[in-house]
Amino acid sequence: MARIEQWRGDQLEAVHTFSAVAVRDGETVLRWGPDTSTTWRSAAKPFQLAVCLELLGDPAHTDEELAVGAASHSAEPEHLRHVEAILERYGLDVGGLRCGGHPPASPAAYEALLRSGGEVTDIHNNCSGKHAFMLAVAEAHGWDSDYRPADHPLQRRVAEAMEEATEEAPTWAIDGCGLPTWCHSVEAVARAWSRLARASADPEDTRLGAVGRAMARHPFLVSGTGRQDLHLSRGAQEPLITKVGAAGLLGIALPDRGLGIAIKTHAGNDQARAPAAEALLEAVAPGAWARPEPWPCPEVRNVVGDLVGALRFSSGST
């Protein structure tokens, strides 16, 4: 079975097995590991945002606003500026967001907030861009301002869209930000990301395609300084969209190839996703990605920053 081996010096310290599926135009072209079921977590954000745009009547937004609306951002100043722009556009206040506050994912941003005497609010939540759009939908339609329950009209439409994209009826659980997180097979996730790839290649697609193109153009806004999906984007040799989901999920779309990829580490290990993505891209999309320099994702370092090990892909055949 395909796996990522975690080495500390000459000692094999841990083994992270994973499942990966690549789909092109509805056809599965590669599968590693069992087709297990997974929660989407934040890897669903492009599709959730596309539903919001539909329900808002497909308004024009800047690429930056769309990128942060599909983001798991680090609450750095540029991220917050665009979330605030979305709220201002729709006449909304941060207090209406229902995602909950947590410290910025960026240590530098959190330190700056503390030094300024500021307080953590919902806008610092990595999901605040998506929630800003969802609050706008609820307000525009006169729906309950608590847009999180699965039976809310917005979430019912999201469920329909997820079934359309995956060709598989979803089940659901509760995400960290309080919204439903949809549950599908890894193959279904890859199928949806293949749809995102094709939509992003179509300049006439002003909904899901517009979201994908914005994500490809502004990977920093989708992620943040030093983050794994931002590092992956730096190696792109052609348009590439990538988005992490918590608990070891990663989605990748290559618009020029109509290719969607989903990777799920079985124990939910997030660090193992990047070397798995490197191996998978080499296998299924040669030339689409080249290892950037620096490439810190597979490194194992100790507390003082010394390089003490690495994560390495293994086919499991030896």
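The values are calculated or read from the model by the stated rules, or taken from the named source; none is laboratory data. Just so it is clear, the model here is predicted, and its values are computed rather than measured. We place every Cβ from the backbone using ideal geometry, glycine too, and count neighbours over all the protein chains shown.
Things to note:
- Conditions (1) closer than 22 Å to Glu76 by Cβ; (2) touching a residue at least 12 places away in the same chain (Cβ under 8 Å); number of the one not met by Ala192: (1)
- Matching residues in region 291-318 - criterion: being closer than 30 Å to Pro34 by Cβ and in contact with a Gly (Cβ under 7 Å, 6 or more places away or on another chain): Arg291, Val300, Gly309
- Just so you know, in region 85-95 the residues that are without any contact (Cβ under 8 Å) to a residue 40 or more places away in the chain and surrounded by 15 or more Cβ atoms within 10 Å (Cβ to Cβ) include one that is nearest to His131 (Cα to Cα), and it is Val94.
- Subset of region 57-67 that is of a type outside the set (Asp, Glu) and in contact with a helix residue (DSSP H, G or I) (Cβ under 6 Å, 6 or more places away or on another chain) - its residue that is farthest from Glu282 (Cα to Cα): Leu66
- Some residue of region 63-83 being touching a Pro at 6+ places or on another chain (Cβ under 8 Å) and either at positive phi or without any contact (Cβ under 8 Å) to a residue 12 or more places away in the chain (or both): yes
- Candidates are the residues of region 239-279 that are of a type in the set (Gly, Ala, Ser) and in a strand (DSSP E or B); the one that is nearest to Ala216 (Cα to Cα) is Ala253.
- Asp306 meets all of the listed conditions (1) under 25 Å from Val189 (Cβ atoms); (2) modelled with pLDDT of 95 or more but one, namely (1).
- Some residue of region 96-119 being under 14 Å from Ser223 (Cα atoms), in contact (Cβ under 8 Å) with a residue 12 or more places away in the chain and not in a loop (DSSP other than H, G, I, E, B): yes
- Among residues of region 213-244 being closer than 24 Å to Val51 by Cβ, of a type outside the set (Val, Ile, Thr) and within 11 Å of the chain's Cα centre (by Cα), the one that is surrounded by the fewest Cβ atoms within 10 Å (Cβ to Cβ) is Pro219.
- Subset of region 265-291 that is aliphatic (A, V, I, L, M) and surrounded by fewer than 15 Cβ atoms within 10 Å (Cβ to Cβ) - its residue that is farthest from the chain's Cα centre (by Cα): Ala290
- Being more than 17 Å from Glu238 (Cα to Cα), within 20 Å of the chain's Cα centre (by Cα) and either of a type outside the set (Phe, Trp, Tyr) or in a loop (DSSP other than H, G, I, E, B) (or both) is a property that Pro294 lacks.
- Hey, Ala246 touching a Leu at 6+ places or on another chain (Cβ under 7 Å) and in contact (Cβ under 8 Å) with a residue 12 or more places away in the chain or not: no
- Residue match in region 255-262 (condition: closer than 29 Å to Arg81 by Cα, touching a strand residue (DSSP E or B) at 6+ places or on another chain (Cβ under 8 Å), modelled with pLDDT under 95 and not small (Gly, Ala, Ser)): no
- Applying the criterion of being in contact with a Leu (Cβ under 9 Å, 6 or more places away or on another chain), farther than 14 Å from Leu259 by Cα and among the hydroxyl-bearing types (Ser, Thr, Tyr) to the residues of region 180-224, the residue that is modelled with the lowest pLDDT is Thr206.
- Among residues of region 1-19 that are modelled with pLDDT under 95, those with a beta-carbon under 9 Å from a residue that is of a type in the set (Phe, Trp, Tyr) and assigned to a strand (DSSP E or B) at least six positions away or on a different chain give the pairs Met1/Phe18; Met1/Trp32; Ala2/Phe18; Ala2/Trp32; Ala2/Phe313.
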